[in-house]
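Enquirer: Shown below is the structure under consideration.
Read the figures in this text as sums done on the coordinates, not as results from a lab. For clarity, every value in this text was computed on a predicted model and none was experimentally measured. Backbone-built Cβ (ideal geometry, glycine too); neighbour counts: all protein chains shown.
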Amino acid sequence: MPGRVRKQSSPTMTDVAKHAGVAPMTVSRALQDDPRVLPATRAKVLASVEALGYRLNEVARSLRAGQSSDLLGLVVTNLANPFYSQLALGVDSLAAEHGMKLVLGNTGEDPGREKELVDDLVSRRVSGIIVVPAGSDHAHLRPAVLDGTPVVLAARPPSGADLDCVLVDDFGGSLAATSLLTAAGHRRIGFLGPSPNLWTSAERFRGFSTALAESGLAVDERHVRFGLRDISAAERAAAELLQLPDPPTALFTANNRNTIGAIRAITGTRPGTALAGFDDFELADMLGVSLTVVAYDPAEVGVQAARLLIDRISHPDDDTPPQRTVVPTTLTHYGQPLQPAPSQT
């Protein structure tokens, strides 16, 4: 029956919001006597509270416990990566504009930990959750599984679930950067990246491979290293490549940690090696090396994800299909101009 309220053992703030025809955050503010809520809107909310039997004393307890619908959840995979701190700042900036606060969790790339964090956020009645997923199956993030809590993915697209998502142009950025190296005459180009099971890593390798193919080159598996999660691992892998009998004359790195590791190896092994990498990073212009980076705004990823999420929260009955937003990239060069490749045979 249209308009029928979902039966539960205890009505939620979302139920009240649907019944009153307002956003969950409006319900929360009305119950706190927030002056920003118009008297007529507050009266409508209180009428819905009474009609549904939503207990005001339970609302007070949830607010004291921090379980307010003015909360947004953000779940990321690696807080050590500056990308995620910038993404979080972007989310927080838009959340603040809407009078909301952010709850942050870190999975360490563990899908099991991700599920625990998401379930905990749902139990705290957050209004919605932004997730940088750790695994390849996202069925557990469907709103139907999470008591109607809307979810938006960031940096990786959904699999096994119909969800909004915000991506970076991983393929296009890698294609452009690698094409710059091939245009300079480099034919032996190495690749350093994290696990190929990660969407970003796989897409950046696809862009790298496509650029080589467009220049009539094949990927040389001897010059490819995956699974590099930190700077030290990237430095060791880059040094190994540069000490081969026929070393790459250029390297493409799939994230900023890999880039920093490669810079260390190049400085100590083969200073003339050309370098291009994904992600800009602080002090890149101070390192005194020739470096091309695929740049974009990580905070904008967070802003766009928060915008999609708040729109879903504000329109709970909207059946608009899942949206996909792609944040563009640009190439930025630091240091001396990119040198052409030496003669290669």
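Enquirer: Largest first and in whole Å, give the semi-axes of the chain's equivalent ellipsoid, each being the square root of 5 times a Cα gyration tensor eigenvalue.
Expert: Semi-axes, largest first: 49, 17, 16 Å.
Enquirer: What is the spin-label model distance, in nm, from Ala183 to Ala295 if the labels are put 7 Å beyond Cα along the C-beta direction?
Expert: Computed distance between label sites Ala183 and Ala295 equals 1.7 nm.
Enquirer: Okay, next question. Put +1 on the Cβ of each Lys and Arg and -1 on the Cβ of each Asp and Glu in the chain; which of Ala265, Leu192, Thr14 then has its Cα farthest toward the positive end of the dipole?
Expert: Working it through, the farthest residue towards the positive pole turns out to be Thr14.
Enquirer: Within the chain, what's the longest run with no trypsin sites (Lys or Arg not before Pro) in a DSSP loop and at most 14 other beta-carbon atoms within 10 Å? Give the range, please.
Expert: Counting only loop sites that pass the neighbour cut-off, the longest clear stretch is 56-345.
Enquirer: If you stretched the chain out fully between Leu89 and Asp311, how much longer would it get, using 0.36 nm times the residue separation minus the C-alpha to C-alpha distance?
Expert: 78.1 nm
Enquirer: Same structure, new question: So what is the relative contact order for the chain, in percent, with contacts set as C-alpha pairs under 8 Å and at least six apart?
Expert: That works out to 17 percent.
Enquirer: Which net charge results for the neighbourhood of Tyr84, defined as the other residues with beta-carbon distances under 13 angstrom from its beta-carbon, given Lys and Arg at +1 and Asp and Glu at -1? Walk me through the intermediate numbers first.
Expert: Numbers: positive: Arg156, Arg257; negative: Asp92, Glu109, Asp279.
It works out to a net charge of -1.
Enquirer: How big, in percent, is the set of alpha carbon pairs in segment 170-295 lying more than 19 Å apart?
Expert: 38
Enquirer: Taking 7 Å along the Cα-to-C-beta vector as the label spot, tell me the Ser195-His333 distance in nanometres, rounded to one decimal.
Expert: So the label points at Ser195 and His333 sit 3.7 nm apart.
Enquirer: Here's a follow-up. Assign unit charges at the C-beta atoms only (+1 for Lys and Arg, -1 for Asp and Glu), then state the dipole size of the chain relative to its Cα centre in Debye, rounded to the nearest 20.
Expert: Numbers: 32 positive and 38 negative charges, 108 e Å.
Here the size comes out at about 520 debye.
Enquirer: Provide the net charge surrounding Gly135, with neighbours chosen by a C-beta distance below 11 Å and charges set as Lys +1, Arg +1, Asp -1, Glu -1.
Expert: -1
Enquirer: Based on DSSP H runs of at least 4 residues, each adding -39500 (n - 2.57), what is the mean residue ellipticity at 222 nm of the chain after dividing by all its residues, to the nearest 500 deg cm²/dmol? Could you put the intermediate results ahead of the total?
Expert: Values: 11 runs with 140 residues, N = 345.
Roughly -13000 deg cm²/dmol at 222 nm, from the helical runs in the chain.
Enquirer: Please find the FRET efficiency linking Glu240 to Ala47, where r is the Cβ-Cβ separation and R0 is fixed at 51 Å, and quote it to the nearest 0.05.
Expert: Details: r = 70 Å, r/R0 = 1.37.
With R0 = 51 Å, the Cβ-Cβ based efficiency is 0.15.
Enquirer: Using amide H atoms built in the peptide plane, which far-off residues or other-chain residues are under 5 Å from Gly277 H to H?
Expert: For Gly277, whose amide H was placed from the backbone, the distant partners under 5 Å are Thr253, Thr292, Val293, Val294.
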